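What follows is a set of notes on a single structure, which appears directly below.
The values are calculated or read from the model by the stated rules, or taken from the named source; none is laboratory data. As the structure is a computational prediction, the values presented were derived from the model and not from experiment. Methodologically, a virtual Cβ is constructed for each residue, glycine included, from the backbone with ideal geometry; neighbour enumeration extends over all protein chains shown. Please note that ligands, DNA and RNA were not included when accessible areas were found on the heavy atoms of the full protein model with its side chains. Shrake-Rupley method; radii C 1.70, N 1.55, O 1.52, S 1.80 Å.
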Amino acid sequence: MSTQTSIQDLFNRTSPNESSTVKVPGKLFITGEYAILFPKQPAIIIAVDQFLTAQVTASDLAEGGVITTNLSELGPLNYDRKDNHFHVAPNTATGWHYCINAIRVTESLLNSLKVPLLNYNIQFNSDLINKDGLKFGLGSSGAIVVATIKGILAYHGVQALDHVTIFKLAAIALTLSKSNGSLADIATITTGGWVYYQSFDRQWLKEMVHANTPVASLLLKDWPDLVIESLSVPDELALLIGWTQSPASTENLVGQLLDQLNQADDQFKAFLKNAKASVERMRIGFQEKNLTVIQDEIQVYRQLLLELSHTYQLNIETNELTQFIETALPHSYIAKSSGAGGGDCGIAIGHKDIETETLIKDRELDDIVSLPLQVTPPFSTETT
């Protein structure tokens, strides 16, 4: 980014709004899982039309407001604003740390933009869970961070001019929250559609945040190795999504892997090399609109994940996910687990002209729920 660019140049400014409502999509990995945790590794992910909605409204309180959600594990969070600083009592913040850090990052930015801070309430409503409160594996913490940032900015009459700015704000908030994720979900739900993401040097960001580098300064920097790119999809490509009805913890599975790794691990180095090559071949498949190449690389990456699972005793492809994959194959749909695995969702890619009603019925016999989700279109800057 040009050294002449100022923080003001990254945003449009209008008058504050009486309220703001933003919708943030869910996400699913197509390929690149686990490898994406490391710098310069790529992944392909999709944003799907199941949303987390944040509504920001004026607070009736003179100094503070309340944050609420339909997620059963989170009770209401009351906050105060003292000397222009957001403050919550430590014993009331259980489970809200992602949202709290997103608020602090956003308000720091607003101070840099010289926008007077308003008191507000935030209400989150999530479609990323089913009627019984079980998570589909479409994301939640990242969606809350992005929805918080976009909602507060919109309420104050501030709009980012590009997706990368929102990505950076969310990445800073998640770094403050000590997240061990790849941030691929953030890249996807801020961009929309089919997304190619290359992981940047997150250690660099941790050091910057630890050194208390101002948020505005971080937004103006070029982040080492960061790539976020929208992909075009072959016209004949069809995507099916199956949910195992067994929610999984990404952080637990990622933690199990990271606990076992050391820098001299030749097997993991080979995994990273092969994973990067596979994702890059799939990227070319999208660029050339070649469905066969995309399907081939789904199979390749599934095998890489099975080998990784065997080497490090990770339960990535559960029995239910294997059933999903094997049910899809006779219908010429190529499938794999999506994300960290251990439950959650599988994805299957095939030709849109292939009849899928029988496939869906076969799948339901294995207690795998078909999620009728669509990939969102890429977002315009107006929806950033």
Worksheet entry | Pair residue 227, residue 178: separation of 7 Å Cα→Cβ label points (nm) | 3.3
Worksheet, complete the sentence: Hull volume per residue for the stretch 178-221, using the convex hull of the C-alpha atoms, in Å³ is 90
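What value in Å³ per residue do you get for the convex hull of the alpha-carbon atoms in the stretch 243-334?
Details: hull volume 10.4 nm³, N = 92.
Here the figure is 113 Å³ per residue.
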Discussion item. Between 63, 18, 73, where does the largest GNM mean-square fluctuation fall for the chain, given springs only between Cα atoms within less than 10 Å?
Written reply: 73
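At 25 °C and 0.890 mPa s, grab the translational diffusion coefficient of the chain from Stokes-Einstein with a Kirkwood Rh over Cα pairs, rounded to a whole number in µm² per second. Numbers along the way, then the final one.
Details: Rh = 21.5 Å.
After rounding, the answer is 114 µm²/s.
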Worksheet item: Within a Cβ distance under 9 Å of residue 40, other residues only, what is the Lys/Arg minus Asp/Glu net charge?
Response: -1
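Using the heavy atoms of the protein chains alone and a 1.4 angstrom probe, what is the accessible area of the stretch 247-305 per residue in square angstrom? Show your work: numbers first, answer last.
Details: 3200 Å² over 59 residues.
Ligands and nucleic acids excluded, the result is 54 Å² per residue.
Averaged over every viewing direction, what's the projected area of the C-alpha convex hull for the stretch 191-247? Give it in nm², one decimal, please.
Details: hull surface 27.1 nm².
Over every viewing direction, the Cα hull of the stretch 191-247 projects on average to 6.8 nm².
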Item to complete: Would you list, by chain and number, the lysines whose Cα falls below 16 Å from the Cα of residue 289, excluding same-chain residues fewer than 8 positions away?
Response: 352
Worksheet item: For the charge dipole of the stretch 142-243, defined by +1 on Lys and Arg C-beta atoms and -1 on Asp and Glu C-beta atoms about the Cα centroid, which residue among 194, 158, 223 has the Cα displaced farthest towards the positive pole?
Response: 158
Discussion item. I want to verify a result. In a Gaussian network model of the chain, Cα cutoff 10 Å, which of these has the top mean-square fluctuation: 219, 258, 28?
Written reply: 258
Fill in: Å² per residue, accessible surface of the stretch 109-235 at 1.4 Å
34
Fill in: Cα-only Debye scattering, the stretch 175-290: base-10 log of I(q)/I(0) at q = 0.10, 0.14, 0.15, 0.20 Å⁻¹
-0.44, -0.87, -0.99, -1.41
Item to complete: Kindly give the semi-axes, whole Å and largest first, of the ellipsoid equivalent to the stretch 6-81, taking each as the square root of 5 times a Cα gyration tensor eigenvalue.
Response: 32, 21, 14
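May I ask you to give the percent of accessible area on the chain that is carbon plus sulfur, with a probe radius of 1.4 Å?
Details: 8000 of 16630 Å².
It is 48 percent, rounded to a whole number.
Under unit Cβ charges (Lys, Arg +1; Asp, Glu -1), what dipole magnitude, rounded to 20 debye, does the chain have relative to its Cα centre? Spell out each step's value before the answer.
Working: 27 positive and 42 negative charges, 216 e Å.
I would put it at about 1040 debye.
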Item to complete: Taking 7 Å along the Cα-to-C-beta vector as the label spot, tell me the residue 236-residue 161 distance in nanometres, rounded to one decimal.
Response: 4.3
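On alpha carbon coordinates alone, what is the Rg over Rh value for the stretch 156-196, Rh being the Kirkwood radius? Present the calculation step by step, with values, prior to reporting the outcome.
Working: Rg = 11.0 Å, Rh = 11.0 Å.
Looking at the stretch 156-196, the ratio lands at 1.00.
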